[in-house]
Amino acid sequence: MNNSYNELICSAKKGKWLKREDIARLLECSTVENQVELLSAAYEVKIQEVGKLVQLRGLIELSNCCRCDCFYCGIRRSNLKNHRFTLSVKEIVEAAVRARDFGYGSVVLQSGERQDEDFVVNVIGESLRKIGELPNAPSVTLSCGEQSEETYRYWKEQGAKRYLLRIESSNPDIFHQIHPEEQSFTNRLTALQRLRNVDYQVGTGVMIGLPGQTIEDLAGDIDFFREMNVDMIGMGPYLSQADTPMGKAYPNTPESIKKRLNLSLRMIAVTRLVLRDVNIASTTALQAIDPLHGRERGLLAGANVLMPNVGDISHRGDYQLYDNKPDIDENGAELREKLTQSLLAIGEIPNFGVSGDPPHYYRHHR
Ligand code: 5AD
C-alpha cells in the first residue's frame, strides 16, 4: 500500500477539504489495492451520511423527441433512424401509478429537450398535475433539459420537486467538442442557476471517459459539483452509440469499456468522499457495461440511488441513448423483484414507499 495515498484517503474520510490536485490523486489511484481502499472508504462515508438505504426512482422515459443534436446521443435530432414517440398524459400517469404500486416513492420524468408550449403545458404540466392528484402520490423529478426560468417555475408550481440537468463535462472545451455550436456551456450554467433560483433539489452530472477527457478534467468535475453545491449527482461512463458522430469516430473496445467502468466507480467513490451527504445515482450506463453487477458495484462504491425503468417496454428500443442499454425487454414487475434480491444480497436495503430526499438539500438550501 502506498503510504501517502493511504494518508490522503484518511483525510478525505474525515471530511477534510481537498484541493483539486488531491481529488485528481485520489482518482488516479494507480494500483488495484488503492482502488479497493478508495471504494471501501467511500462506502463507509456513504453509510455514515446516508445509510445503507437505496432510494428508488421509477424512471419514465416519456419522449425521445429532441431539439438538440448532441454528438454522442442516440436520440439527437439528426438521427433519422430513430422512431420518435411521446407518451400521452394517460400513459405517463399509468407509469407513475405502476411505480407507486411497486413501492417506488418517487418517479423521474425524462425526455428529450422540447421548449414548445404544447410540451411544457399539455405534456409535462398536465402530467405533473395528474400525478399530484394520485392517492399516495410519488414525488416527481424532472429531467427535460434546458428551459426558461418561467418554465422551471411553472413546473415546480405544478408539483415537480427535483430536477436533473447534467453539465456533461465541466471543462468548457470538452463541452463544446461534444455539442454543436448552438448549444453553449454558458446556457447550461444559466439553466442550472435558474433551477437553483426556483429552489428545486438540483442534480447534475457528467459522462466519464469522454474522448480527450483527463483525470484533471474529472477532478474539475467533482470540484464543479462542490462549487455548485448540488444536491444530487448522476454520472456514468460514456458509451458509443453507432448512429452518432462520436459513436462512429470512437467505437467502444473491450479495453476502453473496462477502463471506463473502473474510472466510473472511482468517480462515484471520490464524489462521495468530497460531497458527503448528496444523493448519488448508480446509473443504467454502469449496468450496460457490467450487466450482472454494474449497478450493485456503483452502490458499493458510494452511490445510494437506483432508477429502475417503469415505462412501457414497447418504447424502450427507441430510447437508446447508447448501444446495449440494459433492461430493454423486462417489464417493471420483474425488474423490481430482481432488484430487491440483488440489493439484499449485497446488504443494501431498498427504501420502498418514500420520497428519499438528499439530506444535503435541507442542510444547505433551506
Ligand atoms: N453514453 C453515455 N451517456 C449518455 N447520455 C446520452 N448519451 C450518452 C452516451 N452515448 C447521457 C447524458 C444525458 C443523459 C440523459 O444520458 O449524460 O444527460
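One table, with the values for the structure above:
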item	result
Cα→Cβ-extended label distance, 7 Å offset, between ASN187 and GLN115, nm	0.6 nm
Rounded accessible area per residue of the range 72-205, 1.4 Å, Å²	41 Å²
Distance histogram in 20 Å bins (all Cα pairs of the chain, percent per bin)	31, 62, 7
Modelled FRET efficiency - R0 35 Å, ILE47 with GLU150, Cβ distances, 0.05 increments	0.30
Accessible area in square angstrom per residue, the range 236-366, 1.4 angstrom probe	40 Å²
Alpha-carbon Rg/Rh ratio, for the range 266-366, with Rh computed the Kirkwood way	0.99
Largest to smallest principal axis extent of the C-alpha atoms in the range 150-295, angstrom	46, 35, 28
Apportionment of accessible area to carbon and sulfur, the range 257-296, percent (1.4 Å)	60 percent
ASP69-LEU292 FRET efficiency (beta carbon distance; Förster radius 35 Å; 0.05 resolution)	0.55
Residue-span extension gain [ASN122 to GLU33] - 0.36 nm each, minus C-alpha spacing	26.7 nm
Under 22 Å from the Cα of LYS248 - lysines, other chains or at least 8 residues apart	LYS81, LYS258, LYS259, LYS325
DSSP-defined antiparallel bridges as percent of all bridges, the chain, nearest 5	5 percent
Protein accessible area in the range 19-75, 1.4 Å probe - carbon and sulfur %	54 percent
Protein-only accessible surface order, largest first, of ASP290, ASP101 at 1.4 Å	ASP101, ASP290
Computed [θ] at 222 nm, deg cm²/dmol, the chain (DSSP H ≥ 4; -39,500 (n - 2.57); rounded to nearest 500)	-13500 deg cm²/dmol
Equivalent ellipsoid semi-axes, the range 120-193, via Cα gyration tensor eigenvalues times 5, rooted, Å	29, 12, 9
Accessible-area composition of the range 181-223, carbon plus sulfur, in percent [1.4 Å probe]	46 percent
In the range 170-251, the GluC sites (Glu not before Pro) that fall in loop regions by DSSP, at most 14 other Cβ within 10 Å	GLU181, GLU182
Angle in degrees between helix 254-275 and the longest Cα principal axis of the chain, rounded to the nearest 10	90 degrees
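The values are calculated or read from the model by the stated rules, or taken from the named source; none is laboratory data. All of these numbers come straight from a predicted model, not from anything done at the bench. Cβ: placed from backbone, ideal geometry, glycine included. Neighbour counts: every protein chain shown. Just so you know, the surface numbers come from the protein's heavy atoms only, side chains and all, with ligands and any DNA or RNA stripped out. Shrake-Rupley method; radii C 1.70, N 1.55, O 1.52, S 1.80 Å.
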